[in-house]
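The values are calculated or read from the model by the stated rules, or taken from the named source; none is laboratory data. For clarity, every value in this text was computed on a predicted model and none was experimentally measured. Counting neighbours? That spans all protein chains shown, and the Cβs are built from the backbone with ideal geometry, glycine included. Ligands, DNA and RNA are excluded from the accessible area calculation, which covers all protein heavy atoms including side chains. Shrake-Rupley method; radii C 1.70, N 1.55, O 1.52, S 1.80 Å.
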Amino acid sequence: MVGDVRQRKTVDDSRSRKICHGCSWTLKIVALLTDHTHASPLFCSLPLCFCSLAFAVTIQSTMTTSSGQEESKKLQLYSYYRSSCSFRVRIALNLKGLDYEYKAVNLLKGEQHSPEYVKINPIGYVPALVDGDILVSDSFAIVMYLEEKYPQHPLLPRDLEKRAINYQAANIVSASIQPLQNLDVLKYIEEKVGPDAKIPWVQKHIGKGFAALEKLLKDHAGKYATGDDVFLADVFLAPQIHGSVHRFNLDMTPFPLLSRLHEAYMQLPAFQDALPENQPDFPAT
């Protein structure tokens, strides 16, 4: 009987010095998940069920840490609610399902010229995007960066001709229309010509661009600008049409195709969520 007790005690001591099967696998998996290749067998004297519990707690801790790291890497968009250039990027981010932190830059207060913001974008325009250690400014560059890094919901069609049409439409908006209506230009016209000259100036140049877009897209449009899928051209057209109607009171009668596209865009959640009135810096009154 005494021998049996001693033998049982020896076996128990031996088991306490070894890593049980459950704990062994726990340590291996934790080491892989946490990169702790020298993890200690803290749970080896516990029954298997407790090893499993410890494993679950460890995994939860690891997931929490990873979640914190992902939070710190969230995209940051420097934006102004009324900026059509920022509007484009907001649409692209929404279409691709990317979460981001909104960093408001009040253009009317001149915050884009502050030393802090000029470090982000030396030319003092919005938008600007921060993605970890990468900083991208200019809406066209940002959208193309997002397209290359985040392939979900492609903004460029595979068909080469259709892709070229998208580039042309986006470029008409970003190079031949929007720069002629930005705040710096309108301020210059107001100072040199007079405040009453601003709206006629803007309407003239938007009308010229819209007439070109109507001709460019008439043989390519479907439900949207270049077919039945939303692509790059739509991302640039939607903010421009919206601003032309709601900010500059442009008569859209001569532009039936663009008017139809505008109605289609306003039915899409990714476009609705990007609207100026749905941004955190939209004025309360």
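Close contacts from region 174-185, counting a first residue that is on the phi > 0 side of the Ramachandran plot and a second that is open to solvent by less than 30 Å² (accessible area, probe 1.4 Å) and small (Gly, Ala, Ser), with Cβ to Cβ under 9 Å and a gap of 6+ residues or different chains, come to none at all.
Here's the yes/no breakdown for (1) outside any helix (DSSP H, G or I); (2) open to solvent by 40 Å² or more (accessible area, probe 1.4 Å); (3) of a type outside the set (Asp, Glu):
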position	(1), (2), (3)
245	no, yes, yes
251	yes, yes, no
258	no, no, yes
261	no, no, yes
264	no, no, yes
270	no, no, yes
274	yes, no, yes
282	yes, yes, yes
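Only one of the numbered conditions (1) exposed (fewer than 14 other Cβ atoms within 10 Å of the Cβ); (2) of a type outside the set (Phe, Trp, Tyr); (3) free of Cβ contacts under 8 Å to residues at least 24 places away in the same chain; (4) closer than 26 Å to residue 277 by Cβ is not met by residue 97, and that is (3).
Residues of region 118-136 that are open to solvent by less than 40 Å² (accessible area, probe 1.4 Å) and within 16 Å of residue 89 (Cβ to Cβ): 120, 121, 126, 127, 128, 129, 130, 131, 136. If you go through region 177-226 and keep only what is buried (at least 17 other Cβ atoms within 10 Å of the Cβ), under 24 Å from residue 269 (Cβ atoms) and out of contact with any Lys or Arg (no Cβ under 6 Å at 6 or more places or on another chain), you end up with 217, 221, 224, 225. Residue pairs whose Cβ atoms lie under 8 Å apart, separated by 6 or more positions or on different chains, with the first residue in region 142-155 and at positive phi and the second of a type in the set (D, E, K, R), are 153/96. Among residues of region 261-285 that are over 15 Å from residue 236 (Cα atoms) and among the charged types (D, E, K, R), those with a beta-carbon under 8 Å from a residue that is open to solvent by 20 Å² or more (accessible area, probe 1.4 Å) and in a helix (DSSP H, G or I) at least six positions away or on a different chain give the pairs 273/94.
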